Amino acid sequence: MKFVEMDETFPLSAQLAINEGPVILVNKFNVKPEDAEHLIKAWAADAEFFKRQPGFVSAQLHRGIGGSCVFLNYAVWESTDHFKRAFNNPEFQSKLSAYPASTVASPHLFKKVAVPGICGG
């Protein structure tokens, strides 16, 4: 798996140094068409691991429509520290090799933004 930062000016490693919560992990995956089902299986195994970790709230995998091979993982965590502990866990790190070689992942942490009259923070 290859990692590509969503924001080159503030990489995931820098985000993990900030304890904030709750946070949303958004991870965009791109794979070759022949690897799409393999990616779904690898992601499902990761999700099962994360569900057992302290601070995990929820996760959802989305796929682009029309046969797209772009996937989007949206996961809610109680805090950056909770996500960091799970992400750095050797058991999770060992699961990364289960993803297809064509996988390009772009994980990034977000927090809600309050926009009056539209959405709460």
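The values are calculated or read from the model by the stated rules, or taken from the named source; none is laboratory data. This one's a predicted model, so the numbers in the text were calculated from it and none came from an experiment. Don't worry about glycine lacking a Cβ; one is built from the backbone with ideal geometry, like all the others, and counts go over all protein chains shown.
Taking the numbered list (1) under 21 Å from P11 (Cα atoms); (2) at pLDDT below 95 in turn, D46 passes all entries but (1). Considering only residues of the stretch 28-40 that are under 19 Å from F92 (Cβ atoms) and touching a residue at least 40 places away in the same chain (Cβ under 8 Å), which is surrounded by the most Cβ atoms within 10 Å (Cβ to Cβ)? The residue in question is F29. Being loosely packed, with under 15 Cβ neighbours inside 10 Å, touching a strand residue (DSSP E or B) at 6+ places or on another chain (Cβ under 9 Å) and either acidic (D, E) or touching a residue at least 40 places away in the same chain (Cβ under 8 Å) (or both) is the requirement here; does L25 meet it? No. Looking at K84, K112, K41, K28, just one residue is in contact with a Cys (Cβ under 8 Å, 6 or more places away or on another chain) and not polar (S, T, N, Q), and that residue is K112.
Looking across the stretch 80-112, just one residue is in contact with a Gly (Cβ under 6 Å, 6 or more places away or on another chain) and surrounded by fewer than 16 Cβ atoms within 10 Å (Cβ to Cβ), and that is K112. Taken over the stretch 90-121, residues that are assigned to a strand (DSSP E or B) and of a type in the set (F, W, Y) amount to 1.
Does A105 qualify as being small (G, A, S) and under 12 Å from the mean Cα position of the chain (by Cα)?
Working: small (G, A, S): yes; under 12 Å from the mean Cα position of the chain (by Cα): yes.
The answer is yes for A105.
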